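Here's the structure we're looking at; comments come further down.
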Amino acid sequence: MHQMTLAEIARGLADKKFSSEELTKVLLARITQLDPQLNSFISLTEELALEQAKAADARRANGESGALLGAPIAHKDLFCTQGIRTSCGSKMLDNFKAPYDATVVAKLAAAGAVTLGKTNMDEFAMGSANESSWYGAVKNPWNLEHVPGGSSGGSAAAVAARLLPAATATDTGGSIRQPAAFTNLTGVKPTYGRVSRWGMIAYASSLDQGGPLARTAEDCAILLQGMAGFDQNDSTSIDEPVPDYSASLNTSLQGLRIGVPKEYFSAGLDPRIAELIQNSIQELQKLGAVIKEISLPNMQHAIPAYYVIAPAEASSNLSRFDGVRFGHRCENPENLIDLYKRSRGEGFGPEVQRRIMVGAYALSAGYYDAYYLKAQKIRRLVKNDFMAAFNEVDIILGPTTPNPAWKLGAKNSDPVAAYLEDVYTITANLAGLPGLSMPAGFVDGLPVGVQLLAPYFQEGRLLNVAHQYQLNTDWHTRTPTGF
């Protein structure tokens, strides 16, 4: 059962080959047995899962149907879940039980999805390796000595290890697509505003976006269908009709114009990954796609701009965690200032503190114009580059990451080295564009991903291309040894 995709589970439940309760029990037992190797879960919700599974079986018995009805998933531990710990991977929120469900959680529950638990993540989603979590690092199931990527590494590792078929995740600078690449999954970062951020604990509000992680594009289409849609509770949510993503999966790629930016193939890209990307291009050409070289001239400025904007927004968003209303509070504070200082110093880890300090500096009087304002101008130039490119091509293709997953601890002493791993992914967040990563091969036994980017609200086009590619390749079917 654990080897089935979300689509196969939907068909099996519809054909009454097994019940949601049976499947849920199998997967909960598998998580209990195997997750100690991975550390991919922060909380297991066995009681809730079995309750939801029984309810889904009853709904099916009454004639209801739906791709997610009875399907087991997990939520990244920054989606608020009523009455269940929502920690953001931080000591600061270790004792926080959300009083309500995030819109994404509520929508998927209404569709009948079964929540198995909350997955581990980089603290407050700050990181590219899932090593900054207060609950310990997550291990990559393809090699337990390597990182699974971040910040959605828990969701990625759990799905890759076949502990469950799919999971929710979030992407601020690549935190869905990079873990997908590192663990041989398909991951989608939707257009900014496509998925509600209400109840999703913020890192950088103008960049964060929720999305699905699964083994196939078909599964991502199913999960994204359940997540997407306008939400009046979220002021950044866009009132745009949600298409049937599964309906367009089998559209022909004949004549599809694919742009390949020349800036992607610089000295920083592992040549073995470059070769796999070229192989992917050739595969898509066989399917009728037309390849064209394009340019994104301002891509070189994206990382410094991102690492001003994101920490600036984080310093503002995380100011609410002060030891007063909720979260960690220090023992026996001498006064209010001591309460603030020690609660935040004890509750936040080193990476979060680093980004808060950088952000506060960038926003401070005298430096706002020099750093934050300039970064926002660069952001606009990055967006303009994409708009110009999409006048010539339908989608953009390139590597998801410049290197395969690195060893645990390898970049801990050099944060900037880890930041540079986001070079191909952060531009989509700066511009608000949809992006997808799909499996494209292996380097030294570690998975490699190819990234696709599309114009606004064209997630269906990305899923269509990925699905057609996956019908003609088998990278996405590979399973890590031991799982």
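The values are calculated or read from the model by the stated rules, or taken from the named source; none is laboratory data. Quick caveat: nothing in here was measured; it's all calculated off a predicted structure. Cβ sites come from the backbone with ideal geometry, for glycine too, and all protein chains shown count toward neighbours. In case anyone asks, the SASA skips ligands and DNA or RNA and just uses the protein heavy atoms, side chains included. Shrake-Rupley method; radii C 1.70, N 1.55, O 1.52, S 1.80 Å.
Take the residues in region 245-269 that are farther than 22 Å from ARG461 by Cα and open to solvent by 20 Å² or more (accessible area, probe 1.4 Å); name whichever of them is modelled with the lowest pLDDT.
Our first condition is that a residue be farther than 22 Å from ARG461 by Cα; within region 245-269, this holds for 262-263, 265-269.
From what is left, the residues that are open to solvent by 20 Å² or more (accessible area, probe 1.4 Å) are 262-263, 265-268.
Values: LYS262: 94, GLU263: 93, PHE265: 91, SER266: 83, ALA267: 75, GLY268: 87.
Restricting to residues being farther than 22 Å from ARG461 by Cα and open to solvent by 20 Å² or more (accessible area, probe 1.4 Å), the top hit is ALA267.
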Check your understanding: What number of residues within region 169-212 satisfy the criterion of being of a type in the set (A, V, I, L, M, F, W, C) and closer than 17 Å to ALA428 by Cα?
Key -> 8
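Quick one: would you say PHE457 is in contact (Cβ under 8 Å) with a residue 40 or more places away in the chain, closer than 16 Å to VAL260 by Cβ, open to solvent by 10 Å² or more (accessible area, probe 1.4 Å) and of a type outside the set (Lys, Arg)?
Details: in contact (Cβ under 8 Å) with a residue 40 or more places away in the chain: yes; closer than 16 Å to VAL260 by Cβ: no; open to solvent by 10 Å² or more (accessible area, probe 1.4 Å): yes; of a type outside the set (Lys, Arg): yes.
It is false that PHE457 is in contact (Cβ under 8 Å) with a residue 40 or more places away in the chain, closer than 16 Å to VAL260 by Cβ, open to solvent by 10 Å² or more (accessible area, probe 1.4 Å) and of a type outside the set (Lys, Arg).
Return the total of residues in region 404-414 being more than 18 Å from the chain's Cα centre (by Cα) and buried (at least 17 other Cβ atoms within 10 Å of the Cβ). Let's see the steps before the verdict.
From region 404-414, those more than 18 Å from the chain's Cα centre (by Cα) are 406-414; that's our starting set.
Within this subset, residues satisfying the condition of being buried (at least 17 other Cβ atoms within 10 Å of the Cβ) are 406, 408, 411.
Count: 3.
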Exercise for review: Residue by residue through region 72-105, note down the ones that are part of a strand (DSSP E or B) and of a type in the set (A, V, I, L, M, F, W, C).
Suggested key: ILE73, ALA74, PHE79
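Take the residues in region 1-47 that are assigned to a loop (DSSP other than H, G, I, E, B) and of a type in the set (Val, Ile, Thr); name whichever of them is surrounded by the most Cβ atoms within 10 Å (Cβ to Cβ).
To start, the set of residues in region 1-47 that are assigned to a loop (DSSP other than H, G, I, E, B) comprises 1-5, 15-19, 39-40, 45.
Now restrict to residues that are of a type in the set (Val, Ile, Thr): 5, 45.
On the way: THR5: 18, THR45: 22.
For region 1-47, the residue satisfying everything is THR45.
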Revision key, fill the gap. Over region 68-94, the set of residues β-branched (Val, Ile, Thr) and open to solvent by less than 10 Å² (accessible area, probe 1.4 Å) is ILE73, THR81, THR86
**Study point:** Selected residue (criterion: farthest from GLY89 (Cα to Cα)) from residues of region 106-156 that are open to solvent by 10 Å² or more (accessible area, probe 1.4 Å) and assigned to a helix (DSSP H, G or I)
**Key:** ALA110
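Among the candidates ARG379, ARG329, ARG354, ARG342, which residue alone is touching a residue at least 12 places away in the same chain (Cβ under 8 Å), surrounded by 15 or more Cβ atoms within 10 Å (Cβ to Cβ), outside any strand (DSSP E or B) and touching a Leu at 6+ places or on another chain (Cβ under 6 Å)?
On the way: ARG329 fails: touching a Leu at 6+ places or on another chain (Cβ under 6 Å); ARG354 fails: touching a Leu at 6+ places or on another chain (Cβ under 6 Å); ARG342 fails: touching a Leu at 6+ places or on another chain (Cβ under 6 Å).
Answer to the selection: ARG379.
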Exercise for review: Please specify each residue of region 97-127 satisfying the condition of being charged (D, E, K, R) and out of contact with any strand residue (DSSP E or B) (no Cβ under 6 Å at 6 or more places or on another chain).
Suggested key: ASP101, LYS107, ASP122, GLU123
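Does at least one position in region 23-31 carry a residue that is modelled with pLDDT of 95 or more, in contact with a Lys or Arg (Cβ under 8 Å, 6 or more places away or on another chain), over 20 Å from ALA111 (Cα atoms) and among the basic types (Lys, Arg)?
Restricting attention to region 23-31, the residues satisfying the condition of being modelled with pLDDT of 95 or more are 23-31.
Next, from what is left, pick out any that are in contact with a Lys or Arg (Cβ under 8 Å, 6 or more places away or on another chain): 30.
Add one more test, that the residue is over 20 Å from ALA111 (Cα atoms), and what stays is 30.
Okay, now just the ones that are also among the basic types (Lys, Arg), so 30.
Yes, region 23-31 has at least one match.
Being of a type in the set (A, V, I, L, M) and open to solvent by less than 30 Å² (accessible area, probe 1.4 Å) is the filter; apply it to region 382-403 and report the residue that is nearest to ALA305 (Cα to Cα). It would help to see each step written out before you state the result.
In the first step, residues of region 382-403 are kept if they are of a type in the set (A, V, I, L, M); the result is 382, 387-389, 393, 395-397.
If we keep only those that are open to solvent by less than 30 Å² (accessible area, probe 1.4 Å) too, we end up with 382, 389, 393, 395-397.
On the way: VAL382: 10, ALA389: 20, VAL393: 26, ILE395: 24, ILE396: 21, LEU397: 22 Å.
Only one residue tops the list, namely VAL382.
For the structure I just gave you, tell me whether LEU452 is without any contact (Cβ under 8 Å) to a residue 60 or more places away in the chain, open to solvent by 30 Å² or more (accessible area, probe 1.4 Å) and not β-branched (Val, Ile, Thr). Explain how you work it out, then say what you get.
Details: without any contact (Cβ under 8 Å) to a residue 60 or more places away in the chain: yes; open to solvent by 30 Å² or more (accessible area, probe 1.4 Å): no; not β-branched (Val, Ile, Thr): yes.
So LEU452 does not fit the description; no.
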Point to revise | Which listed residue, of LEU50, LEU69, is of a type outside the set (Ser, Thr, Tyr) and not in a helix (DSSP H, G or I) | key: LEU69
Revision key, fill the gap. Subset of region 376-433, residues of a type in the set (Phe, Trp, Tyr) and modelled with pLDDT under 95, comes to TYR419
Review point. Which one is nearest to LEU207 (Cα to Cα), of the residues in region 308-326 that are among the hydroxyl-bearing types (Ser, Thr, Tyr) and either open to solvent by 30 Å² or more (accessible area, probe 1.4 Å) or touching an Asp or Glu at 6+ places or on another chain (Cβ under 7 Å) (or both)?
Key: SER316
